[in-house]
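Trainee: What follows is a single structure, and I will ask about it in a moment.
The values are calculated or read from the model by the stated rules, or taken from the named source; none is laboratory data. Only a predicted model underlies this, so the values are computations on that prediction, with no experimental measurement involved. Cβ placement follows ideal geometry from the backbone for every residue including glycine, while neighbour counts extend to all protein chains displayed. When the accessible area is computed, the model is the full protein with side chains, heavy atoms only, and any ligands, DNA or RNA have been set aside. Shrake-Rupley method; radii C 1.70, N 1.55, O 1.52, S 1.80 Å.
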Amino acid sequence: MIQLVELVTVDNEDLAYHYGSDNVDEVFEHERFFNKLIKDIPLSFSSHILATEDASFDSLCEKDPYFKRFIDYHDLNLFIREIKEKG
């Protein structure tokens, strides 16, 4: 599984959006879509693409414990709404 992870810190909270697919082209397409959605949001995002056992955030945290500190979102609309409200 390939996961796209978008990280941002807003209002002293570490937030992560993640998207997973077996198709690497879909992951890169989703990254382009994400970048279009956030282009007018004045926050600094950190983008990561990693291979994991499955599409879960837990699998991502098992691969790299750094991600455990982030509140995870798998719903893009909810993630965007949260960062806009907090930011």
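Trainee: Can you pull out every residue in segment 1-43 that is assigned to a loop (DSSP other than H, G, I, E, B), free of Cβ contacts under 8 Å to residues at least 24 places away in the same chain and closer than 14 Å to ILE80 by Cα? Walk me through how you get there before you give the answer.
Mentor: Initial filter on segment 1-43 (assigned to a loop (DSSP other than H, G, I, E, B)): 1, 11-12, 22-23, 39-43.
Next, only the ones that are free of Cβ contacts under 8 Å to residues at least 24 places away in the same chain stay: 12, 22-23, 39-40.
Within segment 1-43, LYS39, ASP40 qualify.
Trainee: Of all residues in segment 44-67, count the ones that are in a helix (DSSP H, G or I) and either among the charged types (D, E, K, R) or open to solvent by 40 Å² or more (accessible area, probe 1.4 Å) (or both). Explain how you work it out, then say what you get.
Mentor: To start, the set of residues in segment 44-67 that are in a helix (DSSP H, G or I) comprises 57-63, 65-67.
Filter once more, keeping what is either among the charged types (D, E, K, R) or open to solvent by 40 Å² or more (accessible area, probe 1.4 Å) (or both): 58, 62-63, 65-66.
Matching residues across segment 44-67 total 5.
Trainee: Might you let me know whether segment 6-13 holds any residue that is polar (S, T, N, Q) and either in contact with a helix residue (DSSP H, G or I) (Cβ under 8 Å, 6 or more places away or on another chain) or closer than 14 Å to ILE71 by Cα (or both)? Please lay out each step first, then the result.
Mentor: Looking only at segment 6-13, we keep the residues that are polar (S, T, N, Q), and these are 9, 12.
Filter once more, so that each one left must be either in contact with a helix residue (DSSP H, G or I) (Cβ under 8 Å, 6 or more places away or on another chain) or closer than 14 Å to ILE71 by Cα (or both): 9, 12.
Checked against the condition, which is being polar (S, T, N, Q) and either in contact with a helix residue (DSSP H, G or I) (Cβ under 8 Å, 6 or more places away or on another chain) or closer than 14 Å to ILE71 by Cα (or both), segment 6-13 yields at least one hit.
Trainee: Sticking with this one: Give segment 2-33 a look and list any residue that's open to solvent by 60 Å² or more (accessible area, probe 1.4 Å) and under 13 Å from LEU50 (Cα atoms), or say none.
Mentor: ASP22, ASN23, VAL24, PHE28
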